[in-house]
Amino acid sequence: MQERRKETRKPLMAYTQVFDLYGGRLLGYLGDLTATGAMVIGDRSLPVDLKLTLAIEIPELRNVKALRMILPARTVWCDADISPQYFNIGFEFLEVKPEQAEIIGAIVDRYEFQRDMPNYPTNPSSGLKV
């Protein structure tokens, strides 16, 4: 499948709940987030092109008092997760207000999963002293 994403995915380390605002049910938890969309890990499959309003719980952030963000979205894909009881659901945000874009940026900055690689020598024997 051809990659059409305009922004790099930012996997998150926060268990942030995502709800269908008007359906009143938990859709799942944020897996990754960008200013234009999100991947949610949930226990139900959703059809592609389903339009709904997401209510994303905002994790603790310095200088942010809002508890949730309301974003209109549509599903762009839905695939089985590596764990067979879950699904990965890709959402495109249909409208993001400037203040919401700032909150998304703050969430990514604070909760992005970053893996620091150790500074290993390029030749394993070059750093060893016996």
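The values are calculated or read from the model by the stated rules, or taken from the named source; none is laboratory data. The shown structure was predicted, so the numbers you read here are calculated from the model rather than taken from an experiment. In this analysis, Cβ positions are derived from the backbone assuming ideal geometry, glycine residues included, and neighbour counts consider all displayed protein chains.
General remarks:
- You will find that of 66, 55, 80, the residue that is within 16 Å of residue 15 (Cα to Cα) and without any contact (Cβ under 8 Å) to a residue 40 or more places away in the chain is 55 and no other.
- Condition met for residue 89 (modelled with pLDDT under 95 and either surrounded by 16 or more Cβ atoms within 10 Å (Cβ to Cβ) or under 18 Å from the mean Cα position of the chain (by Cα) (or both)): no
- Selection status of residue 104, of a type in the set (Val, Ile, Thr) and at pLDDT below 95: yes
- Screening residue 71 against (1) touching a Phe, Trp or Tyr at 6+ places or on another chain (Cβ under 6 Å); (2) surrounded by fewer than 16 Cβ atoms within 10 Å (Cβ to Cβ); (3) closer than 25 Å to residue 109 by Cβ leaves a single unmet condition, (2).
- When the stretch 67-90 is filtered for residues that are out of contact with any helix residue (DSSP H, G or I) (no Cβ under 6 Å at 6 or more places or on another chain), among the hydrophobic types (A, V, I, L, M, F, W, C) and closer than 18 Å to residue 20 by Cα, the ones remaining, listed by number, are 67, 70, 71, 73, 76, 77, 78, 87, 89.
- The single residue among 49, 32 that is among the acidic types (Asp, Glu) and modelled with pLDDT of 90 or more turns out to be 49.
- Residue count for the stretch 33-47 satisfying the condition of being farther than 20 Å from residue 95 by Cβ and either of a type outside the set (A, V, I, L, M) or in contact with a Pro (Cβ under 9 Å, 6 or more places away or on another chain) (or both): 5.
- Summed over the stretch 31-68, residues that are assigned to a loop (DSSP other than H, G, I, E, B) and either over 13 Å from the mean Cα position of the chain (by Cα) or surrounded by fewer than 13 Cβ atoms within 10 Å (Cβ to Cβ) (or both) total 16.
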